[in-house]
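Data first, discussion second: the structure below is written as structure tokens.
The values are calculated or read from the model by the stated rules, or taken from the named source; none is laboratory data. All values derive from a computational prediction rather than experimental measurement. Glycine gets a Cβ as well: all are built from the backbone with ideal geometry, and neighbour counts include every protein chain shown. Surface accessibility is based on the protein's heavy atoms, side chains included, excluding ligands, DNA and RNA. Shrake-Rupley method; radii C 1.70, N 1.55, O 1.52, S 1.80 Å.
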Number of protein chains: 2
Amino acid sequence: MKGCKYGTHRVINENVLPQPAIKVNNDMNIYDNEVLINVSALNIDSASFTQIEEECNHDIEKIKSKILEIVNEKGKMQNPVTGSGGMLIGTIEEIGSELVDKIDLKVGDKVATLVSLSLTPLRIDEIIDIKPDIDRVEIKGKAILFESGIYAKLPKDMEENLALAALDVAGAPAQTQKLVKEGDSVLVLGAAGKSGMLCCYEARKKAGRKGRVIGLVIDDNQAQCLIENKLVDVAIIGDAKNPNDVLQKVLRVNKGKEVDLCINCVNVTNTEMSSILPVKDNGCVYFFSMATAFTKAALGAEGVGKDVTMIIGNGYTKGHAEVTLNALKESENLRKIFKNLYV
Amino acid sequence: MKGCKYGTHRVINENVLPQPAIKVNNDMNIYDNEVLINVSALNIDSASFTQIEEECNHDIEKIKSKILEIVNEKGKMQNPVTGSGGMLIGTIEEIGSELVDKIDLKVGDKVATLVSLSLTPLRIDEIIDIKPDIDRVEIKGKAILFESGIYAKLPKDMEENLALAALDVAGAPAQTQKLVKEGDSVLVLGAAGKSGMLCCYEARKKAGRKGRVIGLVIDDNQAQCLIENKLVDVAIIGDAKNPNDVLQKVLRVNKGKEVDLCINCVNVTNTEMSSILPVKDNGCVYFFSMATAFTKAALGAEGVGKDVTMIIGNGYTKGHAEVTLNALKESENLRKIFKNLYV
């Protein structure tokens, strides 16, 4: 039997797509246009993992229970507070008859799914381990990929965990590559985070010598790391929740001028105004942070009379997996940091 | 003396922007980059006015006292319960020396401020009258417009209330004018609402004869109204919460093709996917609806593998007041509908 390409046939009792659905059917008998994955690990979205960690007072057992509770209730790993998901890694176990010759996958291939866990039917049989420093949950379980679902085969010339860590945020650097033009000044909030560093790297490559990439970080260690590894031209230390302070610090390192583009990669709330204020009129703010509040951005920009284009970070853009894996292949610095922090 | 362009110099005892500030300084001696307005009326935000009315048991004298109490305490008319403000009407009394030649205002001009009262320093000398049916408070008083504050000169050839009704949603049609190109197919969700009709009008003007403006509405009356008044090329009737249905209906009236641009003006939740699914790859979705959820849009597009640019509707864009008032001046149809519904 063939299901809807977007997976609506698995939504329970609602006429919506799987992502906004309260609950999806996680029965692991696949439809003819679905793919069954034997899951080995979940990479939880950073905003989601942080929220769960805080709710559970950083207690690993409580975090485990919370994750199981969510998946048992919703049939998918979608944080009920943040709405966000993450991605998974696994091996192809079965390919529906309709897809066998249409996709470049075969049984046994190791893949990372690039659609969010927030819409992916998932069953967890056992949580083996949780690695809170890398938002990773190792499990035994199964998941379903819909016909429209995007994925990346994991490269053989790169450690799996390294590829996975980067693919998790592939949309951000690929969009950065599209948005930044030669000579641009670019502010990256949350520059020392995973997506932040990749964005800095791509921004610097595109902005070139005449451009300036400014990374906002929370402490001196992060600032030094970014500078030493040539990921930014300037690092500034500050609180992304304090727009006046961020604005003043940006002006100080950018010849008194507002920047052309701001990329928000921060994983906490209330950073909208710090992204909007430092950008010049007709500039652009790219919100990749899943903690962004739509109304705070929309009304905030109006309140200060800023004519800036504000873009909602789309996790997908054509070629995003390649852009991101290439960054890691090209840059030894980036590779080293990623191995250190996320593998 | 020059103040901060965003008005932080008037915030008392906090390091925040004027809007979240508890209290602002409403001393009416202006800084060199401020404008002094002789205020004739406040248009209180509907949520705020309703709250005050209920708290005061609809007693006009009590409402007067409450408004005076708020402004005396906070230096601005920001409802302490709802957090919202509204807008004001007045005439320009003084322009700071730094701004005299930089802005298109002169002393005596009649203006409406387009920044919220929730951040505007205000002093009320006397409340003359309260008109509860239109949330209007007629006063003697003064207010300050910051350098970043936006405003519209009120046209002399248009009823004041008609202008105010349209200025309320000025961001949407002005952005539409920027985004639509000749020959584009444009889908407007919520096409029969206030911002929807203005967007349809601007989209049709820009897309031209080769373009196609498709309005989604909820019933036949609305569809007929849009067609009769030549605001759309095609009207489709459907539920903006049902993306599959919307997609099928759009394809049916657009030669089987997805549209170039979708503008969301719906005032209910869960319409993100109906905005994303009908748009072609590399197309654009403009979310003007304040009911948009950031994560639903971001993860939703990724979930269906759609490479579309999603823009957060900024209430402000340069020239937005002019674009909107011009639409009403140009179109007798639009003017008639607005007078009927909103004045």
Positive dipole terminus of region A:171-342, leading residue within A:Ala291, A:Gly215, A:Gln248 (C-beta point charges): A:Gly215
Highest-MSF residue in chain B out of B:Asp260, B:Asp45, B:Asp101 [GNM, Cα springs under 10 Å]: B:Asp101
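Add +1 for every Lys or Arg and -1 for every Asp or Glu among the other residues with Cβ under 9 Å from the Cβ of B:Ala174, and state the total.
Working: positive: B:Lys178, B:Lys318; negative: B:Glu202, B:Glu322.
It works out to a net charge of 0.
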Relative contact order (%) - region A:123-241, alpha-carbon pairs under 8 angstrom, separation at least six: 17
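Add +1 for every Lys or Arg and -1 for every Asp or Glu among the other residues with Cβ under 14 Å from the Cβ of B:Glu98, and state the total.
Numbers: positive: B:Lys2, B:Lys5, B:Lys102; negative: B:Asp32, B:Glu34, B:Glu94, B:Asp101, B:Glu147.
Spelling it out: positives minus negatives among the neighbours equals -2.
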Volume of the Cα convex hull of region A:171-342, divided per residue and given in Å³: 102
Area buried, chain B against chain A - accessible surface, total, 1.4 angstrom probe, square angstrom: 4200
Share of carbon and sulfur in the accessible heavy-atom surface of region A:1-104 [1.4 Å probe, %]: 46
Potential lengthening between A:Asn25 and A:Glu159 on full extension [0.36 nm per residue; Cα-Cα distance subtracted]: 44.9 nm
Rel. contact order, % - alpha carbon contacts under 8 angstrom, at least six apart, chain A: 15
Probe 1.4 Å, protein heavy atoms only - accessible area per residue of region A:8-154 in square angstrom: 40
By accessible area with a 1.4 Å probe, ligands and nucleic acids excluded, highest first: order of B:Arg252, B:Arg335, B:Arg10: B:Arg252, B:Arg335, B:Arg10
Teacher prompt: B:Gly256 distances to equivalent labels in other copies, 7 Å Cα→Cβ, nm: 6.1
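So what's region A:8-154 giving for Cα Rg divided by 2.2 N^0.38 Å, two decimals? Write out the running numbers ahead of the final one.
Numbers: Rg = 14.6 Å, N = 147, 2.2 N^0.38 = 14.7 Å.
Normalised Cα radius of gyration, region A:8-154: 1.00.
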Cα centroid separation - region A:304-343 against region B:138-188, whole Å: 37
Theoretical FRET efficiency, 1/(1+(r/R0)^6), r = Cβ-Cβ of B:Lys102 and B:Lys280, R0 35 Å, to 0.05: 0.25
Residue with peak Gaussian network fluctuation, chain B [Cα springs, cutoff 10 Å], from B:Val100, B:Val39, B:Val180: B:Val100
Accessible surface, region B:171-342, averaged per residue in Å² (probe 1.4 Å): 38
Copy-to-copy label separations for A:Gly319, where each label sits 7 Å from Cα toward Cβ, in nm and ascending: 3.3
Residues of region A:15-29 buried by at least 20 Å² on assembly (accessible area, 1.4 Å probe, chain alone as reference): A:Asn15, A:Leu17, A:Gln19, A:Pro20
Region A:268-336: C-alpha gyration tensor shape, a/c 1.5 cut-off, then a/b vs b/c: prolate
Buried on assembly, region A:271-318 (at least 50 Å² less accessible surface than by itself, 1.4 Å probe): A:Met290, A:Phe294, A:Glu302, A:Gly303, A:Val304, A:Asp307, A:Met310, A:Ile312, A:Asn314, A:Tyr316, A:Lys318
Long pairs among A:Lys2/A:Lys329; A:Lys76/A:Lys230; B:Lys2/B:Lys178; B:Lys205/B:Lys280, criterion Cα-Cα beyond 30 Å: A:Lys2/A:Lys329; A:Lys76/A:Lys230; B:Lys2/B:Lys178
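If contacts are Cα pairs under 8 angstrom and at least 6 residues apart, what is the relative contact order of region A:171-342 in percent? Provide the component values of the computation, followed by the final result.
Details: 352 pairs, mean separation 37.4, N = 172.
The normalised contact order for region A:171-342 reaches 22 percent.
Probe radius 1.4 Å, ligands and nucleic acids ignored: give me the carbon and sulfur share of the accessible area of region A:171-342 as a rounded percent.
C and S fraction of accessible area: 47 percent.
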Contour excess over end-to-end distance, with Cα ends at B:Asn57 and B:Glu322 and 0.36 nm allotted per residue: 91.5 nm
Neighbour net charge for B:Glu61 - beta-carbon separation under 13 angstrom, K R +1, D E -1: -1
Student exercise, region A:267-343 dipole from Lys, Arg, Asp, Glu Cβ charges, in Debye to nearest 20: 320
Inter-copy label distances at B:Ile128 (7 Å, Cα→Cβ; nm, one decimal): 7.7
Estimated 222 nm signal from helices in chain A, with DSSP H stretches of n ≥ 4 weighted -39500 (n - 2.57), rounded to 500: -10000 deg cm²/dmol
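Out of all Cα-Cα pairs in the protein assembly as shown, roughly what percent, to the nearest whole number, are more than 36 Å apart?
On the way: 104364 of 234955 pairs.
For the protein assembly as shown, the fraction of Cα-Cα distances above 36 Å is 44 percent.
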Viscosity 1.306 mPa s, 10 °C: Kirkwood-radius Stokes-Einstein D of chain B over Cα pairs, µm²/s: 74
